[in-house]
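To keep things clear, I will list the structure first and then write my remarks on it.
The values are calculated or read from the model by the stated rules, or taken from the named source; none is laboratory data. Since we're looking at a predicted model, the values are computed, not measured. With ideal geometry, Cβ positions are generated from the backbone for all residues, glycine too; neighbour counts draw on all protein chains shown. Ligands, DNA and RNA are excluded from the accessible area calculation, which covers all protein heavy atoms including side chains. Shrake-Rupley method; radii C 1.70, N 1.55, O 1.52, S 1.80 Å.
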Amino acid sequence: MILIYILGGVLSLLLATGLTPLVKKFAVKVGAVDVPNARKVHTRIMPRMGGLAIYAAFVLTLLGFMLVAPDTLFGSTRSASLVKSLLAGGTIIVLIGALDDRFELSAKVKLVGQIIAACVVVFGFGLKVDFINVPFGDQYVNFDAWIAIPVTIFWIVGVTNAINLIDGLDGLAAGVSGISIATLLVMAVIMGNPAVILLCSILLGCVVGFLFFNFHPARIFMGDSGSLFLGFSLAVISLLGFKQVAIVSFITPLLIIGVPLSDTFFAIVRRALQKKPIFAPDKGHLHHCLRELGFSHRQTVLIIYGIAAFFGMLAVIQSIAASHDATWVTFVVICVLLVSLQLGAEVIGIVSKTKRPMLSMIHRIRVKVNANSRSE
C-alpha cells in the first residue's frame, strides 16, 4: 500500500511538471495573463491559469488509480462519495476559476459558482457536517439537516476563498496549500484512511510539480483556477476531520488551514476598524506586511511557509492528543494558538500599525522588572 501512495505522488508530480509548460503556452495564447497594478507585487505581465495543470494532473492520476487500484482504496461508500464530489465539484470550481483568469468575472459570479460546487458536494453526494466533538470531554454536538447543510456550504466556500486571498506572492498559495495537504496526509496516516492518504499524496504531488514553475521567480501564476481548486479540495478533504473520525475536534480542521483563515480573519477585523467594506481589496495582508518590514520576496514566502508548518504541527499534536483523551494538551494548544496569533499580528502590524496592546503590556512589565532590579 505504501508503494501505491508513493506512486500516486510521483506520477502526479511528473504530470504536473510536464503539463505546466503546456498550460503556460495555452494561457498566453488565449490571453489569460496577469497585468501589474498598484496592488500587485510583480512588475511584468505573467501568464496565469496554471491551476489547469494542477487540476489535470490530479484528475488524470486519480482516474488512473480508480481503474487499476484495489477496491480497498475507494471501497467504502463515504470514500467513493469523497472522490466523486472532488471530481464533480472541483471541475465546476476550475471552470469558474479559468473563466475568471481569462475574463475577470465579478465577485458575485464567482461566489455563485462556488456555492453551486458546494451544493454538489452536499446534495449530490451527501457529504456534510453532521456532528462535531467538543475539545474537552467526549460530548458531541449533533447537527440537524437545517444546520448541517448551511454550515457545510459555508465551510467549503469559506476555505475556498481563504486560499484565494493569500495568492499574492510567487509560490505562496501553492506552498501553503501543499503544507496543509501534507498535514492532512499525516493525519490520514495516523487515522488509517487509505482513500484520503491517496488523495492527499496525489494532490501534494501536483502542487510540488507546479511549484517548480511557480516559486520565486515565477514563470506562471496558478490564478483563480488553481487557488480556488486547492481551497475547494482542502475544504472537502478536511470534512474528514468533522465526521469520518470522531476523535478529531472542530479545532483541528481550523489549524490545518490556519494561515489563510487567520489572514482572512485579520483582514475582516482590519477593514472593520478602518470602516472599509469587508471585501474591499487592500495591501494589508500577511505577505504585504512582511514585505513592508524589509523581508525579500523569497524570505517572506519562506516565513509564511514556516507559519503554516507551525499550524500543521499544532493540528497533528491536537489530533493525537484527542485520540488519547489528553484534554490538557488541547487546552495548551488553544492557549499557544491564541497568544501566537495576537503577538504575531501585533509584531507584523496586520491589524493596526499603532494599536499593539500585548506588546505594550510586555514592554511595561519589562520596564517595571528592570526598575525593580536596579532599585535592589
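In region 143-174, of all residues being among the aromatic types (F, W, Y) and assigned to a helix (DSSP H, G or I), the one that is surrounded by the most Cβ atoms within 10 Å (Cβ to Cβ) corresponds to W155. Scanning region 3-56 for residues that are loosely packed, with under 13 Cβ neighbours inside 10 Å and modelled with pLDDT under 85 yields V35, P36, N37, A38, R39, T43, R44, I45. Checked against (1) more than 16 Å from V23 (Cβ to Cβ); (2) surrounded by fewer than 21 Cβ atoms within 10 Å (Cβ to Cβ); (3) touching a residue at least 40 places away in the same chain (Cβ under 8 Å); (4) over 14 Å from the mean Cα position of the chain (by Cα), R219 meets all criteria but (1).
Look through S177, S201 and report the one residue that is buried (at least 18 other Cβ atoms within 10 Å of the Cβ), modelled with pLDDT of 80 or more, touching a Phe, Trp or Tyr at 6+ places or on another chain (Cβ under 8 Å) and not aliphatic (A, V, I, L, M).
Details: S177 fails: touching a Phe, Trp or Tyr at 6+ places or on another chain (Cβ under 8 Å).
Result: S201 is the single residue among S177, S201 that is buried (at least 18 other Cβ atoms within 10 Å of the Cβ), modelled with pLDDT of 80 or more, touching a Phe, Trp or Tyr at 6+ places or on another chain (Cβ under 8 Å) and not aliphatic (A, V, I, L, M).
Step by step: first the residues of region 332-376, then only those that are among the small types (G, A, S) and part of a helix (DSSP H, G or I), then the one that is farthest from F310 (Cα to Cα). Which residue is that?
Our first condition is that a residue be among the small types (G, A, S); within region 332-376, this holds for 340, 344-345, 349, 352, 360, 371, 373, 375.
Cutting the leftovers down to part of a helix (DSSP H, G or I) gives us 340, 344-345, 360, 371, 373, 375.
Values: S340: 10, G344: 13, A345: 15, S360: 25, A371: 36, S373: 36, S375: 41 Å.
Across region 332-376, the extreme among qualifying residues is S375.
For (1) open to solvent by less than 30 Å² (accessible area, probe 1.4 Å); (2) modelled with pLDDT under 80; (3) of a type in the set (S, T, Y); (4) more than 14 Å from the chain's Cα centre (by Cα), each residue gets a yes or a no:
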| residue | (1), (2), (3), (4) |
| --- | --- |
| S233 | yes, no, yes, no |
| I251 | yes, yes, no, yes |
| A272 | no, yes, no, yes |
| P277 | no, yes, no, yes |
| L302 | no, no, no, yes |
| Y305 | no, no, yes, no |
| C335 | no, no, no, yes |
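Contact map, region 190-207: first residue assigned to a helix (DSSP H, G or I), second residue of a type in the set (K, R), Cβ cut-off under 8 Å, separation 6 or more or different chains; the map is empty.
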